[in-house]
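The values are calculated or read from the model by the stated rules, or taken from the named source; none is laboratory data. Being a predicted model, the structure only gives us computed values, none of them experimental. Using ideal geometry, Cβ is built from the backbone for each residue, glycine included, and neighbour counts are taken over all protein chains shown. Ligands, DNA and RNA are stripped out before the accessible areas are found, and what is left, the full protein with its side chains, is counted by its heavy atoms. Shrake-Rupley method; radii C 1.70, N 1.55, O 1.52, S 1.80 Å.
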Amino acid sequence: MPSYQPWCHGNITRSKAEDLLSKAARDGSFLIRDSESIQGAYALCVLYQNCVYTYRILPNEDKKLSVQASDGVPIRFFSMLPELVEAYYSTNMGLVTHLQYPVQREEESEEEPEAFNLPPQLPPRNFAANDVKEYDPKSSEQACKSLTDTYLMRLQHMDLSSVPEEHLLAIQEYFRTSICSDAEQVQNGYPTLPGLKKLTMAICKNLNSEITRILPALEIFHRVFEQQLSLGTGYYPRQMSGDSGQFVSFRLEQLTKLLYSIEDKAKSTVSESVGHDGGHRKSLIPTVTFEVKQESLGISTKMFLKVDVESGKLYFKKSKDGPEDKYFVHNKILQLVKSQKMHAKLAISVETEKEKILRKEFVFENAKKREGFCQLLQQMKNKHSEKTEPDMITVFVGTWNMGNAGCPHNINSWFQCKGQGKTQDDTADQIPHDFYVIGTQEDPLGEREWSDTVKGVLRNITNISFKQVAIHTLWNIRIIVLAKPEHENRISHVFSDSVKTGIANTLGNKGAVGVSFMFNRTSFGFVNSHLTSGSEKKIRRNQNYINILRFLNLGDKKLNPFDITHQFTHLFWLGDLNYRVELPSTEAEYMVTKIKQQQYQELLSKDQLSMERNDGKVFLHFAEEEITFAPTYRFERDTREKYAYTKAKATGTKYNLPSWCDRVLRKSYPLVHVGCQAYGCTNDIMTSDHSPVFASFQVGVASQFVSKQDLNSATQGGIQIMNSVATLLTKSKTKFFIEYHSSCLEKTVKTSEGENTEHSEGSIKVWFGNQVQLTPIICDPEYLLDQHILIFYGAFIPYAGEGCVALRAAQFCYTEFQITLTHHGEKTGTLTGGIQLHTSEGKTTEKLYDFIKVEKDDTVAPKGKGGDSNKCSVTQAHDISNPNYMGVSFQKGNVIDKGWSYSMPPKNNPVTGQGSKEPRKVGHDASTCSITNPTGEGEQKSEMFDNPLYGSMGKSHSRGKDQDHQQKDQLIPADPFFKQADGDLDRPPLPTPRNRSFTCSETKPQPQPPTPLTLLPSVYKKPVVPSRSEGGMGPNRPPLPSKSRPGVPEPQITKPRDYRESSELQSKLRPPARPAQPQQQKDMYAEVPKLGRSVK
């Protein structure tokens, strides 16, 4: 409901509704609750002769409501619930009895003000509530006299010069006599307040008659805009008469809603009549020209690149006003490759008319210009794509503590990501995001006012009328989600909820609001929280976070065993988290000096949120983009030049040191694409003591899938999970099991109980030697590779762990994994195992986010005549990569541990990217692939993917406690039989490296002592699997014979030695003089069963 109604109880259960009605104990008592089975429907519950009768209230296609009453009664439609309720006060409407007595919500004093976005008003101190409950006449008289005296005294201290005398006398009379009778009515269970109703009717007598006079005209005008005219009574039959007995406030609400509806329908009708679809203009994004430099034979030449998104053309011009005869259309632009060494350099791969591939390299004015160009090209590819559904969208996330102040006239910079930090180039100003998610705290505006404000700003910037997906408010904490109109039919399963974390978790001045929905087959969750304030209260803030995780009810109800950190493909957490910079108050001036010098690293090292995340206490496995902007709190209002870090209080001076209170964090499933394009704060919005914070993300999404394969002839697929071993941080003797959940599975699969063995102090090991077979509903690789398996690890006691495995990890072969198990935000253990994927043959299409790559080592292309780069030089698979998609994009930011790792081969994608003519066919049934990491890039990958706008920051970020030594170890496949063979039940599993492997070997080698990555021979740096560039641009070379391929060291017969705790690791191991000769093909396969269960 958009506004408060006493009979509307929202999302309560059927049994709760029956309890409330039984307490009322009067025929004709009623309430309305949300339907438990049909989304958007309601249930009308009526009490008659000690029985509760429930009637469904269902919306039709036009979103008008009707009651499923007795047969033979004409069906009536209503625009709003209050109108429906008013109509059913009449008799003979098809109900068992007409509506008479609305049943109030429980805890009325707390819940009612929330709907008006105001905190609950405390009663006067001299009003003894306990006395009212007792039937003591003397106490009641004292309470009544106290009420009368209190309000008459307040009235005397007000300026009453503008109040008519008759109205003033009526108000004084109410406080002298009628307020006591109203108090008695409430005491006896009849909260209708007849005295107040009489007073308002008297004061608003002329207004009431005026509403009655103008409503018919407005109703007729409203009905003109209806597509289908319906005969019969009007919309407000009961409101037309002046003696309807309704509160004037209720009638004003109907009038306001009717005016809003008229305005919306008129705008929509006028727009449609002139062909102005949703406010779009003909050219949404104007053409943009970039000045670049191109080197040829050592000579730098100035050129101009003109991007026309609407026509889908990229022009190459030698002068700004030169001819536009040389251009490439969108489908001939194959790939963009960013240079990692030169942050302003970009290579563009295009296809000529003769189907030749050209690689043109340009240097932009700066890195921001390069990013703006890439965004425009990506927008062009997306706009003119032949795909019916997008595979990548952009999401704007903003948070602002408004400080209980109104909104300034111009807040465009917030939505355009302008200000400090990682910001977008001016050329990207008019590129609209697909979703806008805005969270506010201490927001004094009403929902309708704020929604109209945000929509108006976006309409001015993008000329698009965005659709509201959801809005949810808890006191002054609010979240609103807006989407492009074209996505309206792709959004489903919208849920919203709130959690109070104020005093005793009962007050909503602190807490969280959340919204979740499905976009095609990808789930999104957004949480806006306002946590406890005060520099010394970080422990309470940590507990606020845990409470929100436990009680925020969003997403698919089938995933109730999992908290919200595992329920969504992408989860974004924003808000005023109130974590402070932990320095003594005497350092205030020193902090301000550092901020003016833009030297933030020393202050960020004392940031409470970063330190708590490093210790694994909050936001475990969340990621945050690198902070390169000034603290957003606490400013003097109306300026951003001065921090107001002192505050005078009765107890003394309180210090609020400059801090990064306002943050945006995110957590996504493994191996999905997500990249941050902007993260910063504004400079020009100064009405609050906080600055608004913005963040912009590119997010990979999965479209609705319809298999084109013949179900009868398609190969039966399957998912095998084997060799599962869990290390749990408990000494419990109970038996544990594993549950596998996924929308791609026919049903939830539960394993048998595992075998417990004691492990190190405070933990146990649980072995699951049996292979688990999971059956997917669709076996097409295009569908399965986008799926994830949620793992619930539990027992018959309140102890659990949750994790997630990506099926894409097993795209090429059997893959080992290690995941961290968590529960309510805390680590509960780890789970290791292997996963094997069997799919039918099918084509996998290129994704839009693979259009842009990052090249680590620049390769020099051969120069051609006329200043153009000729045929593209081939770049190896380990040279060009998409860091976001490969799961290592957050190493440069403030993230400690992803919570998962895989041993994986490189993606075998052609460099032609989106422009590939034929998608490759894939049939997955690999069983002999074991992965190591011979590229030797374990510790240096963070530098490869550092933020190009701010240089390498990898050295300034800390790592997880156990991540360093895990980088040095190879992952050994778990062997279900090695317990008996080795006789060592307590041997811990070898840790999994955090970074994924880049080389795929043909065999599974025997376990060996882990070799330092830096000591391996240089021949290992060439992968065997062909890269995208080899597939699309290089000469066709036959694969190397098996004997000439770089092999792995010859398997050892002796038991592998564990060097993890040995200080002799560097001195004992030596690189082999040359790669050992691999065994014959038949011998290689013969050795596989020695490592683990056969996957054939």
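Structure values in brief
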quantity: Residue-level accessible surface for His673, protein heavy atoms, 1.4 Å, Å²; calculated: 10
quantity: Calculated FRET efficiency for the pair Lys302/Ile75, C-beta based, R₀ 51 Å, to 0.05; calculated: 0.10
quantity: Per-pair calculated FRET efficiency, R0 = 30 Å: Ser605 and Lys731 via Cβ, rounded to 0.05; calculated: 0.25
quantity: Glu365-Ile461 pseudo-label distance in nm [points 7 Å out on the Cα-to-Cβ vector]; calculated: 2.1
quantity: Segment Glu61-Gln543, length gained on full extension (0.36 nm per residue, minus Cα span); calculated: 169.1 nm
quantity: Solvent-accessible ranking of Leu657, Leu207, largest area first, probe 1.4 Å; calculated: Leu207, Leu657
quantity: Exposure of Thr734 as accessible area (Å², to 10), given a probe of 1.4 Å and all protein chains; calculated: 30
quantity: Rounded FRET efficiency, nearest 0.05, which uses the C-beta distance separating Asp325 from Ala41 and R0 of 60 Å; calculated: 0.50
quantity: Under Karplus coefficients 6.51, -1.76 and 1.60, residue-wise ³J(HN,Hα) of the range 633-644 in Hz, glycine/proline x; calculated: 8, 10, 8, 6, 5, 6, 7, 10, 9, 9, 8, 9
quantity: ³J(HN,Hα) computed for each position of the range 547-554 - Karplus, 6.51 cos²θ - 1.76 cosθ + 1.60, integer Hz, glycine/proline x; calculated: 5, 5, 4, 6, 10, 6, 9, 10
quantity: Length gained when the stretch Thr506-Thr388 is fully extended (0.36 nm per residue, less Cα-Cα span); calculated: 37.7 nm
quantity: Extended-chain gain in nm, criterion 0.36 nm per residue less alpha-carbon gap, Asp615 and Ser763; calculated: 51.4 nm
quantity: Accessible heavy-atom area order of Ile203, Ile461, highest first, probe of 1.4 Å; calculated: Ile203, Ile461
quantity: Under 16 Å between alpha carbons - lysine pairs in the range 425-568 that sit 8 or more apart or on different chains; calculated: 6
quantity: Subset of Lys313/Lys422; Lys332/Lys853; Lys383/Lys853; Lys313/Lys338; Lys313/Lys354; Lys383/Lys422 violating a 23 Å alpha-carbon distance limit; calculated: Lys313/Lys422; Lys383/Lys422
quantity: Amide H contacts of Ala702 (H built 1.01 Å from N, under 5 Å, at least 5 apart or other chain); calculated: Arg521, Thr522
quantity: Gln597 paired with Lys843, simple spin-label distance in nm, labels 7 Å along Cα-to-beta-carbon; calculated: 6.0
quantity: Prolate/oblate/rounded call for the range 539-649, Cα gyration tensor, a/c under 1.5 rounded; calculated: prolate
quantity: Burial order of peptide ranges 806-815, 742-751, 149-158 (average beta-carbon count within 10 Å, highest first); calculated: 806-815, 742-751, 149-158
quantity: Whole-angstrom gap from the range 450-524 to the range 50-91, using each part's C-alpha centre; calculated: 29
quantity: Ranked order, Cys681, Cys407 - accessible area, probe 1.4 Å, largest first; calculated: Cys407, Cys681
quantity: Ser90 paired with Thr653, simple spin-label distance in nm, labels 7 Å along Cα-to-beta-carbon; calculated: 7.1
quantity: Per-residue SASA entry for His690, accessible area with 1.4 Å probe, Å² rounded to 10; calculated: 10
